[in-house]
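Written below as structure tokens is the structure these notes are about.
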Protein chains: 2
Amino acid sequence: MEKKERYNVAVVGATGAVGQKIIETLEKRDFPVGELRLLASARSAGQQVTFKGQTYTVQEAVPEAFEGIDFALFSAGGSVSEKLAPAAVERGAVVIDNTNAFRMLPEVPLVVPEVNPHKISEHRGIIANPNCSTIQMVVALKPLYDAYGIERIIVSTYQAVSGSGQAAIDELKEQTWKILNNEPIEPKVLPVKSLPRHHQIAFNAIPQIDVFEENGFSREEMKMINETRKILGDDKIQITTTCVRIPVFYGHSESVYIETEKSFDMEEARSLLASAPGVVVVDDLKEQEYPMAISAEGRFETFVGRIRRDLFHPRGLNMWVVSDNVLKGAAWNAVQIAEYMVKTR
Amino acid sequence: MEKKERYNVAVVGATGAVGQKIIETLEKRDFPVGELRLLASARSAGQQVTFKGQTYTVQEAVPEAFEGIDFALFSAGGSVSEKLAPAAVERGAVVIDNTNAFRMLPEVPLVVPEVNPHKISEHRGIIANPNCSTIQMVVALKPLYDAYGIERIIVSTYQAVSGSGQAAIDELKEQTWKILNNEPIEPKVLPVKSLPRHHQIAFNAIPQIDVFEENGFSREEMKMINETRKILGDDKIQITTTCVRIPVFYGHSESVYIETEKSFDMEEARSLLASAPGVVVVDDLKEQEYPMAISAEGRFETFVGRIRRDLFHPRGLNMWVVSDNVLKGAAWNAVQIAEYMVKTR
């Protein structure tokens with residue numbers, strides 16, 4: 001892509017939870033947008049969306065819609081990306097894809113700008129945005145990985161419903177309301193809309209995110225394992241994941257245990273985290289300060305706290321990692337990749 | 001204690017969340033209650049409580065109230081137990097104590113009937129009920145420990161607010177209601193009522209249960225570590241804990257990773273769990289069946305699912321353990337100890 005004053009941007013899935021946040025983030029960051037083309041399925045076409053005080057009409061996402069586009073940011077589901085991303089690339093766009101469609105392809109860079117920005121230049125048209133729960137974890141792991149190496153990771157997640165889109169947000173709100181009013185509820189969205197059974201999320205914890213694989217891990221759990229190894233460029237790291245949905249609207253929390261390769265000094269580890277890009281350490285136990293989902297909502301950073309050495313394993317370290325799953329976990333990471341490309345041109 | 005037809009029972013903290021469940025459980029299990037004496041602080045004395053259709057007036061808990069009592073079940077906080085349990089023991093009662101007051105004293109048995117019932121007979125008047133999050137974990141660990149040994153445990157909890165008593169239950173309900181109505185909230189109870197700061201629990205996850213120790217772990221996390229080692233009678237087990245409060249009313253969930261000493265066969269491990277006392281395996285991924293807090297509410301058992309071999313460590317196993325924290329985690333475990341003593345007389 002040549003250097004320009006302004007870049008034409010297409011947002012695919014513009015009416016979805018992540019698409020909306022992409023548009024908000026482009027505005028908030030004052031991204032040098034030339035033409036903005038908001039695209040969605042035929043069903044959502046015709047809806048009105050505001051960007052910088054101007055009203056845009058959402059158009060149907062068809063191959064021709066990518067004519068003249070510089071950046072195409074996709075977040076309309078894997079099948080839409082599979083179908084339309086190649087069409088966008090053919091027309092000269094760089095695709096930044098939020099879905100699972102291309103992440104593990106060897107020729108597609110899987111990028112978190114704080115962690116592996118050097119991979120961006122290797123793209124052949126498509127750059128993949130990792131899964132939300134992976135992104136925030138690798139942002140927190142990166143400074144420790146660079147300093148000490150990481151042998152293994154054992155992580156349990158506490159994930160917000162917004163990771164399943166607007167329908168899941170609406171379901172949590174409505175279901176909670178009904179339960180407090182002693183009305184009957186009928187779960188329809190979570191844990192996985194397309195599967196036959198649905199479970200109550202209000203006042204509950206559901207140990208299923210995405211479908212299950214044959215090995216007993218869910219696809220979300222496998223994404224965290226495979227993507228973390230790809231992003232850190234290290235397939236020796238042993239990773240165990242348990243992914244759980246809890247009744248939170250925005251902000252994933254993660255209980256992360258790691259074992260480093262080399263021994264570490266606790267104060268040094270803490271200060272490496274504090275100075276790492278994209279990381280904010282919130283860790284003052286006397287003041288009862290630690291990262292929480294409600295504090296991370298609306299923020300771009302990854303918050304790290306409860307940092308402590310394991311009591312038994314000399315190279316074991318625990319931390320609590322929280323970030324806004326639709327911002328750093330999706331919209332902001334995608335815009336951040338585009339910003340990086342614009343700035344390094 | 002001599003064998004009797006019926007036993008005089010005192011419930012200390014009879015008006016609290018756990019005390020109420022103890023009374024319900026005594027009724028549900030048809031425990032051979034002779035006289036029932038319901039005790040509480042002077043502030044709660046005079047309240048009326050129903051047991052088997054009969055109304056009882058709550059009396060003030062004073063040393064003389066234990067005259068003629070066989071079993072005294074305490075759940076009114078550590079300071080009440082410290083003050084009154086010795087008075088009950090002096091008067092010939094067996095104290096089953098739900099608080100943290102005596103758990104780690106070497107001469108006090110810390111008992112989960114499915115795990116170490118043989119310790120009951122060693123008591124010198126006081127038997128301690130472990131912490132709720134410990135109890136359900138050791139019930140699930142016991143069959144695996146016996147068969148394979150356990151080298152290490154890494155657990156992250158998803159704990160219900162009822163663990164902090166009725167005030168926390170009320171706070172979650174009221175706070176949720178206000179947030180849905182866009183009214184301002186003022187947290188007053190969670191995470192720890194007596195500490196200066198309080199945080200929103202509705203639609204949030206709070207990584208603090210009880211106060212923090214100097215080592216960076218919370219007291220709840222230290223309880224899980226120390227009590228598990230005492231109950232299993234094995235101080236070689238390495239344990240890492242992260243305890244988190246989530247917006248659930250009843251039922252603690254736990255993401256438990258273990259490494260066994262000997263290698264295990266996955267199907268055998270699963271069948272050992274399925275036949276273990278107090279354990280119900282709920283683990284059918286095709287049918288999307290796994291333990292959940294809302295399904296465990298009101299049940300005495302510990303539910304185990306998401307049982308799977310680690311993908312990297314040959315002796316690593318993950319599971320998801322759920323139980324009703326005020327029943328198996330408190331009231332039922334206490335009554336169960338009394339039942340065991342009555343039956344084995």
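The values are calculated or read from the model by the stated rules, or taken from the named source; none is laboratory data. A quick note: this is a predicted structure, and the numbers were derived from the prediction, not measured. Glycine gets a Cβ as well: all are built from the backbone with ideal geometry, and neighbour counts include every protein chain shown. With ligands, DNA and RNA removed, areas are computed over all heavy atoms of the protein, side chains included. Shrake-Rupley method; radii C 1.70, N 1.55, O 1.52, S 1.80 Å.
Numbers for the structure displayed
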| item | result |
| --- | --- |
| Cross-link pairs beyond the 18 Å C-alpha cut-off, checked among A:Lys21/A:Lys52; B:Lys223/B:Lys262; B:Lys119/B:Lys142; A:Lys28/A:Lys142 | B:Lys223/B:Lys262; A:Lys28/A:Lys142 |
| Loop-located GluC sites (Glu not before Pro) in the range B:1-95, at most 15 other Cβ atoms within 10 Å (DSSP) | B:Glu2, B:Glu5, B:Glu67 |
| Accessible area (Å², 1.4 Å probe, nearest 10) - B:Glu339 | 20 |
| Solvent-accessible area per residue, Å², over the protein assembly as shown with all protein chains present [probe radius 1.4 Å] | 37 |
| Kirkwood hydrodynamic radius of the range B:134-325, Cα pairs, Å | 17.5 |
| With all protein chains modelled, accessible area of A:Leu311 [1.4 Å, Å²] | 70 |
| Estimated FRET transfer efficiency when R0 is 35 angstrom, pair B:Val211-B:Glu5 (beta carbons, to 0.05) | 0.20 |
| Surrounding net charge for A:Ala88, when Lys and Arg each add one and Asp and Glu each subtract one, Cβ distance under 10 Å | -2 |
| Members of the range A:143-158 that become less accessible by 20 Å² or more once partner protein chains are added (1.4 angstrom probe, chain alone as reference) | A:Arg152, A:Ile154, A:Ser156, A:Tyr158 |
| Long-range HN-HN contacts of A:Arg37 with modeled amide H, under 5 Å | A:Val9, A:Ala10, A:Val11 |
| Cβ charges +1 (Lys, Arg) and -1 (Asp, Glu), total dipole of the range A:134-325, debye | 220 |
| Residue-averaged [θ]222 nm for chain B, counting only DSSP H segments that reach four residues, each worth -39500 (n - 2.57) | -8500 deg cm²/dmol |
| Surface share of carbon and sulfur [accessible, 1.4 angstrom probe, percent] for the protein assembly as shown | 46 |
| Chains A and B together, accessible area buried on both sides, 1.4 angstrom probe, square angstrom | 5600 |
| Relative contact order %, the range A:134-325, counting alpha carbon pairs below 8 Å whose residues are six or more apart | 28 |
| Counted charge near A:Lys4, where neighbours are those whose Cβ lies closer than 15 Å (Asp, Glu -1; Lys, Arg +1) | -1 |
| Net +/- balance of residues flanking B:Asp310 in space, Cβ distance below 11 Å, scoring K and R +1, D and E -1 | +3 |
| Those lysines that a straight Cα-Cα span of less than 16 Å connects to B:Lys4, excepting residues fewer than 8 apart in one chain | B:Lys343 |
| A:Thr228, A:Thr55, reordered so the largest accessible area comes first (probe 1.4 Å) | A:Thr55, A:Thr228 |
| For the range B:289-324, residues shielded by at least 50 square angstrom of accessible area compared with the chain on its own, probe 1.4 Å | B:Tyr290, B:Met292, B:Ile294, B:Arg306, B:Arg308, B:Leu311, B:Phe312, B:Trp320 |
| Alpha-carbon centroid distance for the pair the range A:280-335 / the range B:236-312, whole angstrom | 26 |
